[in-house]
Every structure is written in structure tokens, then in C-alpha cells.
């Protein structure tokens with residue numbers, strides 16, 4: 001049976017010597033991730049790599065690894081960590097998309113641990129984190145929106161290894177749905193098959209020297225997904241070859257929140273706990289980031305449209321949401337808090353910061 005094209009390319013570009021070197025240098029990454037298990041992912045469809053291994057073996061900058069190592073160190077010092085890790089299914093740790101969820105849990109834990117007088121601990125069941133302060137307790141369930149963005153990111157990063165002038169694009173704030181689950185492998189194989197021939201991209205790069213963007217092939221039946229080559233000279237850019245449009249940002253934001261809340265409202269026994277917050281990270285969604293920034297700017301001008309807020313249901317008492325990057329923790333600048341109407345949530349008594357975030361959140365959803 002022929003190997004998938006992207007598997008061949010991952011094997012070509014992922015430097016295992018770099019992986020081994022970094023696992024040895026970053027103590028807590030090395031403790032949490034086993035080299036043999038990371039290598040086993042090289043045979044697992046659809047990506048044929050673990051995303052942390054891909055980073056360890058292809059990225060040049062050390063900052064992300066140093067920060068992640070510190071997050072792991074901090075997380076390992078919180079109560080219940082040893083039991084949490086012991087009870088964890090080890091195979092889950094090496095699933096491609098799980099990395100983003102785990103990273104967000106660590107970032108949220110770090111955020112609350114830095115507040116004076118606040119106790120943070122992991123849980124063995126139910127919500128991810130238990131937060132206590134001044135005799136009051138609440139719980140946090142973490143969620144990262146991956147959807148098609150994780151697949152797109154994989155395509156983008158592998159293409160960048162082939163040549164840095166290859167770009168990917170989708171029209172923001174409209175339906176963006178790449179093949180999921182069992183269909184992902186065929187989709188990726190179809191995309192990357194042409195690049196096994198070195199002449200293919202060499203010819204496209206020569207075309208881009210004359211005029212660009214040069215559109216590259218994508219599988220039939222896939223809408224709103226473009227791959228293209230940039231040229232070296234801005235003067236050779238030809239307008240109209242790539243879409244220059246967007247959907248309705250307010251409608252997109254409403255869908256984002258509904259999908260996140262619906263994904264968690266009946267999970268992890270949330271209804272059996274009090275004062276549950278859903279912490280959502282939209283890091284992978286550049287669509288969300290653009291729409292949220294626009295909403296913020298329009299709010300400041302009192303021109304924003306109202307965003308319908310999904311019903312939280314009975315299990316969730318509020319949402320904390322952010323587009324937090326991989327090298328930091330949520331901040332006042334990139335985060336919001338929206339508490340269910342009529343609830344005096346304990347988070348508001350932790351620190352003045354959360355009252356400010358709540359005010360931001362109320363403005364985000366209102367005219």
C-alpha cells in the first residue's frame with residue numbers, strides 16, 4: 001500500500017535529533033512526554049506526528065518550549081497533579097488535537113495561581129480546575145475551539161517546510177469545514193501528493209516571479225480553502241485571484257459561542273458542581289480574533305451590533321473567553337468574562353481585574 005504523501009513529508013522534515021535534544025534539555029516536557037510514544041505517533045493516521053513532536057523537531061525558536069516547560073512545572077506543583085496524571089489514559093496524551101486543550105488548561109491554571117490568596121487544584125472528575133478563595137469555591141471547565149483550524153494549521157506548517165512562500169487562506173466568518181475524522185487522511189494525501197515531485201513547486205515559484213499569487217491545487221469539493229505561492233515583488237501582485245471578502249462577523253461570533261457552550265453543557269458532570277465557568281480559548285480561530293477585535297472597536301464607538309448570546313443552560317454559570325497565544329497566559333487585554341444574569345459569581349470577588357473583564361463582557365454582547 002502506498003504511503004500517504006504527507007506522511008512521507010513529515011518524515012522528511014521532522015528532525016528527531018532535535019526532538020531528543022529538547023526533551024533532554026526541558027526537564028518537565030521530558031517528564032511528561034515519552035520519546036518512544038511520540039515516535040509511535042509517526043504511524044498514527046491522519047497526521048503521522050504528535051503536534052508537540054512536530055514543534056520540537058521543526059521550530060527554531062526556543063521561547064515556546066521554555067514557556068511550555070514552565071507551565072508544566074507549575075501545573076505539576078498544584079494539588080492532585082500526580083493522581084490526575086496517574087488516572088489519565090496515556091494514549092490520550094499523544095493525540096494531535098489534545099495538545100491544544102492541555103496547553104489551555106495549563107494556561108488557565110497559571111492565570112489563577114498568580115492571584116494572591118487564591119488556591120488552585122486539579123480535579124479527578126468533573127470540571128478541570130477547582131478555584132478557592134475566602135471560603136468560596138468555583139470550578140472551571142476548559143475548552144479550545146479546534147474544528148477545521150487544527151487541520152488548516154497542520155497544512156500550513158507542513159507547506160512552510162516545503163517552501164516559506166507557500167500560503168493558505170480561507171474567507172473569514174463564513175462556513176469553513178475541512179474533512180474530519182476518517183476523511184482527513186485522504187484530504188491531506190490529495191493536497192500533498194504534488195509536492196513529492198520537486199519540480200512541481202520549483203515551476204510554481206518561477207511562475208510567481210512573473211506574477212502572483214499562483215494558485216496551487218486543492219481537492220475537489222472543498223470550498224473556502226486556498227493554497228497559493230507568493231512572489232518576491234509586490235509590484236507583480238495580481239488582484240482578484242484570491243477572494244477579498246468576509247462573512248458577517250456578528251453572526252460568526254454567535255455561532256462560535258453556541259458551538260463552544262453546546263460542546264460542554266452536558267459533559268464532565270458539570271451540572272453536579274456549583275458556580276461553573278466555561279473557559280474558552282479561540283487561539284486557533286483567526287476568524288474569531290478578527291471579529292472580536294472589530295466588535296471591540298465598534299463598542300468603543302458605540303456602533304456595534306448586538307451578538308445573540310447562547311443560553312448557558314443549567315450547568316454553566318458564565319464564560320471566560322480569550323484568544324490567548326502559546327507564549328502567555330490570558331490577560332486583561334485579550335480576555336472577557338460574561339456571567340449569567342442574576343448570579344453573583346465568586347470570581348468577581350477574587351480581584352478587580354475580573355470585574356473589569358465582566359464589564360468588557362457585558363459590553364461585548366450589548367449595543
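Bear in mind these aren't lab numbers, they're just calculated from the coordinates by the rules spelled out. Since the model is a prediction, treat every value here as computed from it, not as a measurement. Cβ: placed from backbone, ideal geometry, glycine included. Neighbour counts: every protein chain shown.
Which is farther than 24 Å from residue 96 by Cβ and either in contact (Cβ under 8 Å) with a residue 12 or more places away in the chain or surrounded by 14 or more Cβ atoms within 10 Å (Cβ to Cβ) (or both), of 167, 185, 211?
Numbers: 167 fails: farther than 24 Å from residue 96 by Cβ; 185 fails: farther than 24 Å from residue 96 by Cβ.
Checking each option against the conditions leaves just 211.
In region 161-180, which residues are closer than 22 Å to residue 48 by Cα and in contact with a helix residue (DSSP H, G or I) (Cβ under 9 Å, 6 or more places away or on another chain)?
Taking region 161-180 and keeping what is closer than 22 Å to residue 48 by Cα, we get 161-164, 166-168, 177-180.
Residues satisfying the conditions are 161, 162, 163, 166, 167, 168, 178, 179, 180.
Taking the stated definitions as given, is residue 327 within 24 Å of the chain's Cα centre (by Cα), in a loop (DSSP other than H, G, I, E, B) and surrounded by fewer than 16 Cβ atoms within 10 Å (Cβ to Cβ)? Outline the logic, then answer.
Details: within 24 Å of the chain's Cα centre (by Cα): yes; in a loop (DSSP other than H, G, I, E, B): yes; surrounded by fewer than 16 Cβ atoms within 10 Å (Cβ to Cβ): yes.
Here the answer is yes, as residue 327 does meet what is asked.
In region 24-66, which helices (runs of 4 or more DSSP H) lie fully inside it and hold 2 or more residues that are in contact (Cβ under 8 Å) with a residue 60 or more places away in the chain and under 21 Å from residue 158 (Cβ atoms)?
Filter on region 24-66 gives 51-58.
Considering only region 335-350, how many residues are touching a strand residue (DSSP E or B) at 6+ places or on another chain (Cβ under 9 Å) and either in a loop (DSSP other than H, G, I, E, B) or loosely packed, with under 15 Cβ neighbours inside 10 Å (or both)?
Just the residues of region 335-350 that are touching a strand residue (DSSP E or B) at 6+ places or on another chain (Cβ under 9 Å), to begin with: 335-340, 343, 345-350.
From what's left, either in a loop (DSSP other than H, G, I, E, B) or loosely packed, with under 15 Cβ neighbours inside 10 Å (or both): 340, 343, 345, 349-350.
Adding up the residues that qualify gives 5.
Are any residues in region 76-111 crowded, with 21+ Cβ neighbours inside 10 Å, farther than 27 Å from residue 43 by Cβ and touching a residue at least 40 places away in the same chain (Cβ under 8 Å), and if so, which ones?
Within region 76-111, 104, 107, 108, 111 qualify.
I'd like the full set of residues that are under 22 Å from residue 310 (Cα atoms) and in a loop (DSSP other than H, G, I, E, B), limited to region 351-365.
365
Filter region 242-266 for residues that are more than 18 Å from the chain's Cα centre (by Cα) and surrounded by 14 or more Cβ atoms within 10 Å (Cβ to Cβ); which is farthest from residue 172 (Cα to Cα)?
So, considering only residues that are more than 18 Å from the chain's Cα centre (by Cα) and surrounded by 14 or more Cβ atoms within 10 Å (Cβ to Cβ), the one farthest from residue 172 (Cα to Cα) is 265.
From the residues in region 217-237 that are in a loop (DSSP other than H, G, I, E, B) and in contact with a strand residue (DSSP E or B) (Cβ under 7 Å, 6 or more places away or on another chain), which one is surrounded by the most Cβ atoms within 10 Å (Cβ to Cβ)?
Quick first cut of region 217-237, residues in a loop (DSSP other than H, G, I, E, B) only: 217-225, 230-233.
From what's left, in contact with a strand residue (DSSP E or B) (Cβ under 7 Å, 6 or more places away or on another chain): 218, 230-231.
Values: 218: 17, 230: 18, 231: 20.
The qualifying residue surrounded by the most Cβ atoms within 10 Å (Cβ to Cβ) is 231.
Yes/no per residue for (1) in contact (Cβ under 8 Å) with a residue 40 or more places away in the chain; (2) assigned to a helix (DSSP H, G or I); (3) more than 30 Å from residue 141 (Cβ to Cβ):
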site	(1), (2), (3)
215	no, no, yes
250	yes, yes, no
261	yes, yes, no
283	yes, no, no
287	yes, yes, no
291	yes, yes, no
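Given (1) under 22 Å from residue 117 (Cα atoms); (2) surrounded by fewer than 18 Cβ atoms within 10 Å (Cβ to Cβ), identify the lone condition not met by residue 279.
So the condition that residue 279 fails would be (2).
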